[in-house]
Amino acid sequence: MENPLHHFEIHPIVHLSLMGFDISISKAVIAMWVGLSIVFGLFMLVVKSGVRLIPGKLQIVAEISLGFIKDMVEEFIGEKEAPKYFPFIATIFFFVLACNLIGMIPGSYTITSQLVVTGVFATGIFILTLFIGFAKHGLHFFGILVPPGVPKIMIPIMIPIEIISMIARPVSLSVRLFANMTAGHTILYVLFGLAMSTPLMIGWLPFGFTVAINGLEIAIAFIQAYIFTILTCVYIGDVIHLH
Amino acid sequence: MNKGSEFRRGLSIAFRLGTELTVAVMIGAVMGYALDRYFNSKPWFLAAGVILGGAAGCLNVYRVSKEITVENDKDQNNGV
């Protein structure tokens, strides 16, 4: 049997390079484009077919999912600031969700199983929170490093601890999504490999597990997209409210 | 708050805590190691970094737990 991590490797399909950068088109790039076009296409379909007072099926799906994210943003960022950040957070949710779900189609590629992709998302969000913090509070923003109610003697110890916990945020945000997707797909691959390499008498057992874990993976695709967005909201809310 | 969203919130917190704790220790260790390389002072910064990282991880988990208690109190007050 081949290496269970084999299907995470990226092989370029079309070789391209621009000013010394390798911009070859691979399966991962195509999966990302497909995810983008599914999200865009779905919402354009809703808008193009006319937003009605009595919504059709597709409009109900779009309205419920957007309302769900709106509630989340208002809860963590505050109702006054919510409209500014709502489009960004909704985009993250739908894009991550689409990419997770595309990975569930056999033969396609899960781009969220690449640490580079999730790392870039998380680093972007981290830099954004720093910008928001400095724009809103100026130099007062450094106050985030000293939690309220800390005795003066503890401050030299608290500052490195707070810096570490600050840097841990984007890392844990990216590692969580990447690890969950990679682990899930590896388990599926190993179980299906067992099902294929054993006779039918025993093989039905791992095959049954493959089917069950496929269901679990779809649930995890939703949960991980939800966690990624809710934590983005929490981090942005934290720098806006400063304790 | 309905039952479904409460369950989702619980799941999201449960999935968070594990990585929250480990990643903080890892970050502390990596930062300590980098400082050691820079100042040529093996192994002091690494040791301090691991301990501070553990503290940071505990702090993160403690904050999440505080969030949960605050929300529970809010819900109970709404119910009464």
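Taking all protein chains together and a 1.4 Å probe, the residues A:Leu191, A:Leu173 rank A:Leu191, A:Leu173 from largest to smallest accessible area. Just checking the listed ones, A:Gln114, A:Gln59, A:Gln224: in the Gaussian network model of chain A with Cα springs under 10 Å, the one fluctuating most is A:Gln59.
What FRET efficiency comes out for B:Lys42 versus A:Lys80 if R0 is 45 angstrom and r is the Cβ-Cβ distance? Round to the nearest 0.05. Efficiency, rounded to the nearest 0.05: 0.30.
Spin-label pair A:Leu205-A:His140: with each label point 7 Å from Cα along the Cα-Cβ axis, the two points sit 6.4 nm from one another. Solvent-accessible surface of segment A:1-141, averaged per residue with a 1.4 angstrom probe and all protein chains in place: 62 square angstrom. Among A:Leu205, A:Leu36, A:Leu177, the largest mean-square fluctuation in a Gaussian network model of chain A, built with springs joining Cα atoms closer than 10 Å, belongs to A:Leu205.
The mean sequence distance of close C-alpha pairs (under 8 Å, at least 6 residues apart), as a share of the length of chain A, puts its relative contact order at 25 percent. Beyond 26 Å between alpha-carbons counts as too far, so tell me which of A:Lys70/A:Lys136; A:Lys80/B:Lys66; A:Lys70/B:Lys66; A:Lys48/A:Lys84; A:Lys84/B:Lys66; A:Lys80/A:Lys152 fall in that bin. Going by Cα-Cα distance, A:Lys84/B:Lys66; A:Lys80/A:Lys152 fall outside the 26 Å limit.
Calculated mean residue ellipticity, 222 nm, chain A: -25500 deg cm²/dmol, from DSSP H runs (n ≥ 4) at -39500 (n - 2.57) each, averaged per residue and rounded to 500. Compactness ratio for segment A:37-101: Cα radius of gyration over 2.2 N^0.38 Å (N = residue count) comes to 1.18. Annotation: amide H-H contacts under 5 Å for A:Ser26 (H modelled 1.01 Å from N, sequence separation of 5 or more, or interchain): A:Ile13. Computed from backbone phi, the HN-Hα couplings of segment B:6-20 come to 5, 5, 4, 4, x, 4, 5, 5, 4, 5, 6, 4, x, 5, 3 Hz, rounded to whole numbers (Karplus: 6.51 cos²θ - 1.76 cosθ + 1.60, θ = phi - 60°; Gly and Pro given as x). Remark: accessible area buried at the A-B interface is about 2000 Å², both chains counted, probe radius 1.4 Å. Note on A:Ala219/A:Phe88: beta-carbon distance plugged into 1/(1 + (r/R0)^6) with R0 of 25 Å gives a FRET efficiency of 0.45. Taking the square roots of five times each eigenvalue of the Cα gyration tensor of chain A, the equivalent ellipsoid has semi-axes of 36, 26, 20 Å, listed largest first. Express the carbon and sulfur contribution to the solvent-accessible surface of the protein assembly as shown as a percent, rounded to the nearest whole number, probe 1.4 angstrom. Roughly 74 percent of what the probe reaches on the protein assembly as shown is carbon or sulfur.
The values are calculated or read from the model by the stated rules, or taken from the named source; none is laboratory data. Please read all numbers here as calculations on a predicted model, not as lab measurements. As a convention, Cβ positions derive from the backbone with ideal geometry for all residues, glycine included, and neighbour counts pool all protein chains shown. With ligands, DNA and RNA removed, areas are computed over all heavy atoms of the protein, side chains included. Shrake-Rupley method; radii C 1.70, N 1.55, O 1.52, S 1.80 Å.
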